[in-house]
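Following: one structure in structure tokens, then a few remarks.
The values are calculated or read from the model by the stated rules, or taken from the named source; none is laboratory data. Note that this is a predicted model, so its numbers are computed, not measured. No Cβ is skipped: glycine too gets one built from the backbone with ideal geometry, and neighbour counts run over all protein chains shown.
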Amino acid sequence: MTRALGPWETFLLAVLVLVYAANAWLSPEFLTLQNQVNLFQLSIEKIIIALVMAFVIINAEIDLSVGSMMGLSACAFAAMVGEAGLPAALACLLCLGIGLAGGVLNGWFVARMGLPSLVVTLSTLIGFRGVARILLEDRSIGRFPDWFNALGQRGLIGPVPLGLLSFVLLFVLLYVVLERGGFGRKTYVIGVSREVAEFAGLNTARHKILIFMASGLVAAYAGLLFAARVGAVRGDVGQGFELDIITMVLLGGVSIFGGSGTLTGVGLAILIVLSLRNGMSLMNVTGHIQTGVVGLLLIASVLVPRLGARLAGRVPA
Amino acid sequence: MTRLSPGALRILALLLVLVLVAAFFATQIDNYLNARLFNRISSSVAIVALIATGQTLVILTRNIDLSLGSVVGFVAYATGAIVSAAPEIHPVLLALAALAIGAGFGLLNGLLVAYAGIPSIITTLAAMAIYRSALVEFSGAQSITTEDLPQWLVDFPNTQLFTLAGVQFRAAFVAAVVIVILVHLALLRLRPARALYAVGSNPEAAEMAGIDARRTVLAAFVAAGALAGLAGLFFLARFGNITVVAGLGFELKSIAAAVLGGVSINGGSGSVIGALIGAVLVDLIENSLVRWELVSEFWREAVLGFLILSAVSADALLMRRLTRLRIRREKAAPAPTPKEATS
């Protein structure tokens, strides 16, 4: 938590500069403002959730249910507005409430019942998705109010749409919370050792539930963004997103065992993954291969520092 | 109190749940409990049970394998390509090829986890994407269709080995169950297999006891890969049409089956028989909800998620109570051991 960039963040920055340079060299389109906005806009839901996922993982938990919560929120919105005829603004609030409730559910089972978050959020991954499917079955629902679609599709401030604006604001907010506030400090401490934090008098259960609530809330918000951006919703919205999101966070240098990692690293990792995918798309590489390249990057990101450390003789054996 | 071990108790409880679920749907659906139900479930369990068995071996060592779905997909395609290029290939050779390709992927995972020290969730998360893109690259986005396959392979899953009281036991299902039982016996009796439990419950203690923890973890991943490879061959035989998304989602399904079957995600406890019953339970519920008229088939996932969560919670509560009872009994007994009370 130093002010300057740590060694990992510096490395990520170097990779990012490299990827940007290569992309700019390969395609003159890459650096245009429109392409830069598109680059964020196409994965905006994932990267917004990734910021909160960093908190979850630093806290030594995991939330696999975010993709399903996103789908549930989008489907609930579509059912409320497209089928039941509720006002869209009210539906948005209700969907955010669903997100909070889902987060409380996850958090309660993890923090109070003491179940592993991997198991709890795996079952809510299936369960939330299930509720989304009950709501929409195999229908696809669109025709939302114009102002709602405009929020997702058009620029709010200049060419910057609401999604990108939310991402930037959320990044700043969470950065301050994690690096400067007591809440962030507690997140690290509990992540290092829940027992120690408990002995130090922290209410770890409440802290964990709050983080899961934030995760559910932001996932629900991302679902609404998706509905607005795409303009139509199906039961499979957000399916499989959790893996991309976790990949970005881990690539950002957050330890899967909790207790370490920075939001700066996660931000850089997000930029790397997005520009890498964008560059490969410009070169007509298919989505599955892109994911494979990101996977290789993830393994390399853990392997290379370890090998380097071993070669430097800092880690015996 | 009970003389049964917690593990045996869990299996019994699971079987009870299985019977209750079947009994419940028998009252809801006409003509429910018949041979067709068994056939339908058994042909899908044949595939999931193999993957769940491999997943259990990995989870026992306190790891996880998220790449198994991609391994199933890749091997299904690869064996399909092999058999359509060389239709005269001996079935045993094909099965060996499936096992070998799967084991190769498992070896890669295992080396990265056990020897390079990359946490399994990171390794296999990445491997899941990498193996999937290997499949896309290898297949050139082409599909395998049933016409490419020799008749014996297509017939294999439906071959009846024997019939018991009108219920057909088909080859793939019987093969899967035999493998699960063999693995179970090995886990009970064989020293190298027992090492999985030792490493999973306490890696440091296992090392001190002379167990090579790294090799044990590597072996678990290789076995899981091989079993997923065989599942891939079964997948090919059952569905015939293999595209680049084959096997998607099996990694989560296998974890669900294992967890439902009482395998502890923290490693060191659980059995492959439990995982098998977990797989049966998942399939029974999926199959039955589709046929239940009261709710639409779209309820299936919601019910499944709820069921896993309640099964795991019930298990945790039960275990906590058992431990408390045991502590109380030990306190009452003449020679209490305070160390055990902390677990």
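Overview of results
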{"read-out": "Answer residue from the stretch B:240-262, given it is at the interface with chain A (Cβ under 10 Å from one of its Cβ atoms) and of a type in the set (Val, Ile, Thr) and is nearest to B:Ala224 (Cα to Cα) among those", "value": "B:Ile255"}
{"read-out": "Search result, residues across the stretch B:231-270 that are closer than 20 Å to B:Leu196 by Cα and assigned to a loop (DSSP other than H, G, I, E, B)", "value": "B:Gly261, B:Gly262, B:Val263, B:Ser264, B:Ile265, B:Asn266, B:Gly267, B:Gly268, B:Ser269, B:Gly270"}
{"read-out": "Answer residue from the stretch A:99-128, given it is more than 14 Å from every other protein chain (Cβ to nearest Cβ) and buried (at least 19 other Cβ atoms within 10 Å of the Cβ) and is farthest from A:Arg234 (Cα to Cα) among those", "value": "A:Gly103"}
{"read-out": "Residue in the stretch A:302-310 that is within 13 Å of chain B (Cβ to nearest Cβ), touching a residue at least 60 places away in the same chain (Cβ under 8 Å) and within 24 Å of B:Ala116 (Cα to Cα) present", "value": "yes"}
{"read-out": "Members of the stretch B:107-126 that are facing chain A (nearest Cβ under 7 Å) and at negative phi", "value": "B:Leu112, B:Ala116, B:Ile118, B:Pro119, B:Ile121, B:Ile122, B:Thr123, B:Leu125, B:Ala126"}
{"read-out": "Test: A:Ile256 is modelled with pLDDT under 90, touching a helix residue (DSSP H, G or I) at 6+ places or on another chain (Cβ under 8 Å) and under 26 Å from A:Pro7 (Cα atoms)", "value": "yes"}
{"read-out": "Selection within the stretch B:271-301 - assigned to a loop (DSSP other than H, G, I, E, B) and either surrounded by fewer than 21 Cβ atoms within 10 Å (Cβ to Cβ) or within 13 Å of chain A (Cβ to nearest Cβ) (or both)", "value": "B:Trp292, B:Glu293, B:Leu294, B:Val295, B:Ser296"}
{"read-out": "Residue in the stretch B:205-217 that is of a type in the set (Val, Ile, Thr), touching a Leu at 6+ places or on another chain (Cβ under 8 Å), crowded, with 18+ Cβ neighbours inside 10 Å and farther than 21 Å from B:Ile242 by Cα present", "value": "yes"}
{"read-out": "Residue that is more than 20 Å from the chain's Cα centre (by Cα), outside any helix (DSSP H, G or I), among the basic types (Lys, Arg) and at pLDDT below 85, where the choices are A:Arg314, A:Arg306", "value": "A:Arg314"}
{"read-out": "Matching option when the condition is within 18 Å of the chain's Cα centre (by Cα), at the interface with another protein chain (Cβ under 10 Å from one of its Cβ atoms), more than 30 Å from A:Arg185 (Cβ to Cβ) and modelled with pLDDT of 85 or more, among A:Gly240, A:Gly295", "value": "A:Gly295"}
{"read-out": "Breaking point among (1) surrounded by fewer than 17 Cβ atoms within 10 Å (Cβ to Cβ); (2) closer than 22 Å to B:Phe250 by Cα; (3) modelled with pLDDT under 95, for B:Pro87", "value": "(2)"}
{"read-out": "Residues of the stretch A:243-259 satisfying the condition of being under 13 Å from the mean Cα position of the chain (by Cα) and either surrounded by fewer than 24 Cβ atoms within 10 Å (Cβ to Cβ) or over 18 Å from A:Ser215 (Cβ atoms) (or both)", "value": "A:Leu243, A:Asp244, A:Leu251"}
{"read-out": "All positions within the stretch B:313-342 that are surrounded by 11 or more Cβ atoms within 10 Å (Cβ to Cβ), at pLDDT below 55 and not in a loop (DSSP other than H, G, I, E, B)", "value": "B:Glu340, B:Ala341"}
{"read-out": "Subset of the stretch B:60-74 (residues that are more than 11 Å from chain A (Cβ to nearest Cβ) and of a type in the set (A, V, I, L, M, F, W, C))", "value": "B:Leu60, B:Leu68, B:Val71, B:Val72, B:Phe74"}
{"read-out": "Any hit, the stretch A:61-70, residues being touching a helix residue (DSSP H, G or I) at 6+ places or on another chain (Cβ under 6 Å), charged (D, E, K, R) and part of a loop (DSSP other than H, G, I, E, B)", "value": "yes"}
{"read-out": "Qualifying positions in the stretch A:190-237 - over 14 Å from A:Gly163 (Cβ atoms) and of a type in the set (D, E, K, R)", "value": "A:Arg194, A:Glu195, A:Glu198, A:Arg206, A:Lys208, A:Arg234, A:Asp236"}
{"read-out": "Helices (runs of 4 or more DSSP H) enclosed by the stretch B:69-187 - at least 2 residues per element that are within 30 Å of A:Phe257 (Cα to Cα) and without any contact (Cβ under 8 Å) to a residue 40 or more places away in the chain", "value": "B:120-139"}
{"read-out": "Options A:Arg234, A:Arg277, A:Arg206: the member that is basic (Lys, Arg), in contact (Cβ under 8 Å) with a residue 24 or more places away in the chain and touching a Lys or Arg at 6+ places or on another chain (Cβ under 8 Å)", "value": "A:Arg234"}
{"read-out": "Residues of the stretch A:260-298 satisfying the condition of being crowded, with 22+ Cβ neighbours inside 10 Å and over 30 Å from A:Leu169 (Cβ atoms)", "value": "A:Gly292, A:Gly295"}
{"read-out": "Any hit, the stretch A:135-158, residues being part of a helix (DSSP H, G or I) and β-branched (Val, Ile, Thr)", "value": "no"}
{"read-out": "Test for B:Ile242: is it among the aliphatic types (A, V, I, L, M) and touching a strand residue (DSSP E or B) at 6+ places or on another chain (Cβ under 7 Å)", "value": "yes"}
{"read-out": "Residue count, the stretch A:280-292 (criterion: more than 10 Å from chain B (Cβ to nearest Cβ), free of Cβ contacts under 8 Å to residues at least 12 places away in the same chain and either β-branched (Val, Ile, Thr) or in a helix (DSSP H, G or I) (or both))", "value": "1"}
{"read-out": "Complete set of residues in the stretch B:235-270 that are of a type outside the set (Val, Ile, Thr), over 15 Å from B:Leu68 (Cβ atoms) and surrounded by fewer than 24 Cβ atoms within 10 Å (Cβ to Cβ)", "value": "B:Arg238, B:Phe239, B:Gly240, B:Asn241, B:Ser264, B:Asn266, B:Gly267, B:Gly268, B:Ser269"}
